[in-house]
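J.: Sharing a structure below in structure tokens format, with a few things to ask.
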Amino acid sequence: MTSTAPQHRERFLRIGEVVRRLGEEFPDISISKIRYLEDEGLLAPRRTQGGYRLFSEADLERLQKILRLQRDEFLPLRVIKDELDAPGAKERKRKRPTALGS
């Protein structure tokens, strides 16, 4: 007898895999930068008993958002953290600056 319920198991990535997945869009991404962002409280990946970081797809999306806000909008990490932790942060979109005189 087979189960009809879908077997959904979230796949977690180690930090090296995260760097490889993001390397094309963010060529300067490194393991040390991800560790730094974790130390600053912007990321909180799961840990194995051995201490390895395990990143979910949600962690990966949050990291991409952090890196884009840094790169595209030049926001400091403190502002990025406040914005991501604010209630309703997922629904809110940032406004891009408009050119003067247009």
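The values are calculated or read from the model by the stated rules, or taken from the named source; none is laboratory data. Every value quoted in this text rests on a predicted model; they were computed, and no experiment measured them. Positions of Cβ are generated from backbone atoms using ideal geometry, with glycine treated the same way; all protein chains shown enter the neighbour counts. Areas reflect the complete protein model, heavy atoms only, side chains present, ligands, DNA and RNA absent. Shrake-Rupley method; radii C 1.70, N 1.55, O 1.52, S 1.80 Å.
J.: Here are the criteria: (1) open to solvent by 30 Å² or more (accessible area, probe 1.4 Å); (2) under 23 Å from residue 27 (Cα atoms). Tell me which single one residue 67 does not satisfy.
T.: (1)
J.: So, of the residues in region 52-102 that are small (Gly, Ala, Ser) and assigned to a loop (DSSP other than H, G, I, E, B), which turns out to be modelled with the lowest pLDDT?
T.: 102
J.: Quick one: is residue 27 modelled with pLDDT under 95 and loosely packed, with under 11 Cβ neighbours inside 10 Å?
T.: no
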